[in-house]
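Report on the structure given below.
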Amino acid sequence: MPSTDTTACPHCGRPDRGEPFRVLSRHTTATGHTEWTRCECGSLQVRVADGRGTRVVSRSGPAARSGAASH
């Protein structure tokens, strides 16, 4: 479904409807589905797909880089 929103990731500037993003999980709802995705920059996003289209309704900052030393 096309995005009903023209927003972009505030961390990397990619359009919310753009690729690449990785779908981590998808859950059916009464009106469509909810997806947990990860943007190319590492931001975790919650996308809702229903009769109004697909849109990002929540997001985090980019994930910490793996392999970084923590002391």
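Read-outs throughout are calculated quantities, based only on the coordinates presented, and are distinct from any laboratory measurement. Note that the coordinates shown come from a computational prediction; the quantities given were computed from them, not determined experimentally. All Cβ positions, glycine included, derive from the backbone under ideal geometry; neighbour counts span all protein chains shown.
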Given unit charges at Cβ for Lys, Arg (+) and Asp, Glu (-), the dipole magnitude of the range 1-60 about its Cα centre in debye, nearest 20, is 60
Please sort 7-20, 31-44 by packing, taking for each peptide the average over its residues of neighbouring beta carbons within 10 angstrom, highest first.
-> 31-44, 7-20
Give the Cα extents of the range 1-60 along the principal axes, in whole Å, largest first.
-> 32, 22, 16
Any residue on another chain or 5+ positions along whose placed amide H is under 5 Å from the amide H of Thr54 is listed here as Ser3, Thr4
